[in-house]
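To keep things clear, I will list the structure first and then write my remarks on it.
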Amino acid sequence: MWPVVYACHMASEIDYDSPTPPYQQIAAEIIRDIESGALVVNRPIPSESALIQRWGVARDTARRAVRHLREGGYVYTVPQRGTYVADRTAEK
């Protein structure tokens with residue numbers, strides 16, 4: 001499988017002056033992309049490496065963003081496969 005290129009609705013950069021932590025800023029952008037349909041149910045989200053490259057953040061920050069999404073029910077992780085957009089239609 002080819003790597004996911006992430007050129008969706010991403011803000012230009014992390015706002016380090018914001019009271020919102022960087023991992024939450026990244027997660028919020030991914031949530032917007034999920035809700036807009038730019039990221040599709042049961043399709044992979046960008047890898048940690050892609051998030052690191054796109055945002056210029058540390059691996060821990062990218063992991064925290066993905067964990068935040070998982071805890072919010074926006075994504076699910078399949079070991080050795082990746083992280084995918086969850087189907088949230090049953091929750092609405």
Open item on the list: I'm trying to understand the selection: among the residues of region 49-88, which are closer than 13 Å to I26 by Cβ, among the aliphatic types (A, V, I, L, M) and surrounded by 14 or more Cβ atoms within 10 Å (Cβ to Cβ)?
Closed with: A50, L51, I52, V57, A62, A65, V66, L69, V75
- [ ] Among the residues of region 37-48, write down those that are free of Cβ contacts under 8 Å to residues at least 24 places away in the same chain and surrounded by 12 or more Cβ atoms within 10 Å (Cβ to Cβ).
- [x] E48
- [ ] Take the residues in region 5-35 that are under 17 Å from Y84 (Cβ atoms) and exposed (fewer than 14 other Cβ atoms within 10 Å of the Cβ), then tell me which one is modelled with the highest pLDDT.
- [x] E35
- [ ] Test Q53 against the stated conditions and say whether it is without any contact (Cβ under 8 Å) to a residue 12 or more places away in the chain and in a loop (DSSP other than H, G, I, E, B).
- [x] no
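The values are calculated or read from the model by the stated rules, or taken from the named source; none is laboratory data. Since the model is a prediction, treat every value here as computed from it, not as a measurement. Reconstructed Cβ throughout: ideal geometry from the backbone, glycine too, with neighbour counts over all protein chains shown.
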